[in-house]
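Chemist: Got a structure for you, questions after.
The values are calculated or read from the model by the stated rules, or taken from the named source; none is laboratory data. The structure displayed is predicted, hence computed values, not measured ones. Cβ atoms come from the backbone with ideal geometry, glycine included; neighbour counts cover every protein chain shown.
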Amino acid sequence: MRKLTAIFYADVKGYSRLMRNDEAATVETLKRYSIIMADLIRQHSGKVVDASGDSLLAEFASVVDAVRCGVEVQQALKTKNAELPESRKMLFRIGINLGDVMVAGDRIYGDGINIAARIESLAEPGGLSISRSAYDQVKHKLPLSFEYSGEQMVKNIDEPVRVYRIILTPRAAGKADGETRVDKVKRRPILVAALVATIFLASALWFLLESRTDKGKDGSSAEQTSHLPSGKPSIAVLPFKNLSGDPEQEYFSDGITNDIITDLSKFHDLLVIASNTVFTFKGKHVKIQDVGSQLGVRYVLEGSVQKAVDQVRINVQLIDADTEHHLWADRFDRSIEDLFAVQSEIVKHIVTRLAVKIDTVERKRVLNKEAKNFEVYDYVLRGRDHLIRDTRSDIIKARRMFEKAIDYDPSFASAYALLGDSYIQSVRYGYTGFPNQALQRAEELAGKALQIDKDNVEARNVLGEMYIYKKQYYRAVSELEKAIELNPNAARSYRAYGWALVWSGQPQKAIDPLKSALRVDPDYGSGGAYLFLGTAYYLTDQYERAIRILEKGIGKVPGFSGSYILLAAVYADAGRSADAARTAEQVRRKDPFFKIDTFGSAFENHAHREKIVAGLRKAGLE
């Protein structure tokens, strides 16, 4: 027998952690909460089908009843959780789907249940998510609003599922924030940002600058001059090869590469090329001399990773890029639990071989691995692998991985910082209709990370970028200066620092950090770094330098419209009217909805804003 039914699936977030901390108290709390849920389900004409462990499955004849019940369940449990200490709060996620099921006795089976369970995993702790089939039944019938979370690929379901998050406050029935915007985001990223900009104008411009574009094929380094101290040993760590034979393990070898780059970057006496640039060499056969020449480095590290069950083998070799002479090579066969010690050992060998002078305090700071448990570290690697892909669904998956890491080890600072970064990215790419709430969450998580580790660079970056979005530029500058002090090779920190300086009216001071960003990360996949360096030159009346860097940015990232927009103004003020008119026409073709006010909105200095607007008008743009 088959039937169409509303499926209600609930599960506890962080149940394993709660059980580890206090098994008896967790079981007692779960028992009380299960009784509350069962009573509310009965009151809304539903039936509990299964309740095993920390999950509960129920069915309803009406989706409206199921959603009403879910809202009341979360409100009731929120009240109960207020009586508990923070470490003992029990938060449920709830997923609701309208689907066809097969009935066998008192049990129900089928994809409809699987979808409800997968949707539950996408809900916020203490929140509800529903499928499109359920949303269509309730959108005009309940005083709730909904945030569209996009099409999600869920495990064991062939077709993507449209997911909606329920906003647990009474609003206009049927409102689904973000739904129409999601389908257009790839075609019209600037329009997406403009919607977000109604709350704070700076985010519109940053989204325009950071929208995903194709990476340029030209790998030559940007301006080689940099305010980084001269005479430093310089190194590029090529992506470690995955020799496990399992493509699913790519995240692991990439994670090892990233972590070695991060560890090396913290040494003030080394210049280290950023991971974004070195990963353009992934999967390619390259000559070491070409890599050294292309990136402007003296040394190259390459290696491989082979992971099998609880063992890992890492091969590394350090090469002089000028002579291709192998300075050092080693193989590490270790238990997976010894992975952190192996990484520290690799870094130590490299630093020693390069005769870098490091004081004892800094050596201890850099070589101290944060994670205590491989399982926690693995969740962070998986999350970071999703986070760098920038899609809505990957950011959601990354968020789940970081939350799992925190559940296992609440003292892991980087997991909080990366979770905060996922909220920054949801604002940057227009994936949320509630940017203020996302920024507040990012600030809370970065603050938590810094409580645990005051030297966490990722947390400083999150705070710096959060303040930029809020147009609190001087606070952003303060946080990003701390990030650069902690990691003098962090291209992201230099970029954001330069942007904050430009927007706050200090373009001359922004030039050196923006040049440094391009020195350590010349293959950055967005045109933003070139645009801002060009802007800094333009605002300090260095027109020829502005033209050179903007033209170079267009050559590397031809799909990025921001560089064309500013270049039109620079050409006009430099007296190259024909070039200005030609470039203005390219802007109109690339962005027929371009508005001058949006482009200039984030500049705090009135004179700078007026200069850019006047230049754009002189070029024929309105």
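Chemist: Which of the residues that make up the stretch 546-565 are of a type in the set (A, V, I, L, M), closer than 11 Å to Tyr530 by Cα and modelled with pLDDT of 85 or more?
Modeler: Result: Ala546, Ile547, Ile549, Leu550, Ile554.
Chemist: Let me ask something else about it. Considering only the stretch 87-111, state which residues are of a type outside the set (A, V, I, L, M, F, W, C) and under 13 Å from Gly126 (Cβ atoms).
Modeler: Lys89, Arg93
Chemist: Among (1) outside any helix (DSSP H, G or I); (2) modelled with pLDDT of 90 or more, there is one condition Thr583 misses while meeting the rest; what is its number?
Modeler: (1)
Chemist: Here is a follow-up. Quick test for you: out of Ser62, Ser55, Ser45, Ser34, pick the one residue that is of a type in the set (S, T, N, Q) and either in contact with a Cys (Cβ under 6 Å, 6 or more places away or on another chain) or modelled with pLDDT under 90 (or both).
Modeler: The conditions single out Ser55.
Chemist: Residues that are more than 27 Å from Asp394 (Cα to Cα), more than 26 Å from the chain's Cα centre (by Cα), without any contact (Cβ under 8 Å) to a residue 40 or more places away in the chain and not in a loop (DSSP other than H, G, I, E, B): does the stretch 273-289 have at least one?
Modeler: yes
Chemist: Among the helices (runs of 4 or more DSSP H) lying completely within the stretch 352-411, list those that include at least 2 residues that are crowded, with 19+ Cβ neighbours inside 10 Å, out of contact with any Asp or Glu (no Cβ under 7 Å at 6 or more places or on another chain) and at pLDDT 70 or above.
Modeler: Hits in the stretch 352-411: 374-387, 392-408.
Chemist: Among the residues of the stretch 527-534, is there at least one that is surrounded by fewer than 24 Cβ atoms within 10 Å (Cβ to Cβ) and not basic (Lys, Arg)?
Modeler: No, because not a single residue in the stretch 527-534 is surrounded by fewer than 24 Cβ atoms within 10 Å (Cβ to Cβ) and not basic (Lys, Arg).
Chemist: Output the residue which, of all residues in the stretch 290-315 that are free of Cβ contacts under 8 Å to residues at least 60 places away in the same chain, β-branched (Val, Ile, Thr) and not in a loop (DSSP other than H, G, I, E, B), is farthest from Lys232 (Cα to Cα).
Modeler: The selected residue is Val312.
Chemist: Here's a follow-up. Which residue out of Ser493, Ser504 is surrounded by 21 or more Cβ atoms within 10 Å (Cβ to Cβ), closer than 23 Å to Ile565 by Cα, of a type in the set (S, T, N, Q) and out of contact with any Cys (no Cβ under 9 Å at 6 or more places or on another chain)?
Modeler: Among Ser493, Ser504, only Ser504 is surrounded by 21 or more Cβ atoms within 10 Å (Cβ to Cβ), closer than 23 Å to Ile565 by Cα, of a type in the set (S, T, N, Q) and out of contact with any Cys (no Cβ under 9 Å at 6 or more places or on another chain).
Table: residues versus (1) crowded, with 20+ Cβ neighbours inside 10 Å; (2) assigned by TED's automatic domain parsing to the domain that holds Tyr135; (3) not basic (Lys, Arg).
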{"site": "Lys13", "(1), (2), (3)": "yes, yes, no"}
{"site": "Ala38", "(1), (2), (3)": "no, yes, yes"}
{"site": "Ser45", "(1), (2), (3)": "no, yes, yes"}
{"site": "Ser62", "(1), (2), (3)": "no, yes, yes"}
{"site": "Ala66", "(1), (2), (3)": "yes, yes, yes"}
{"site": "Thr79", "(1), (2), (3)": "no, yes, yes"}
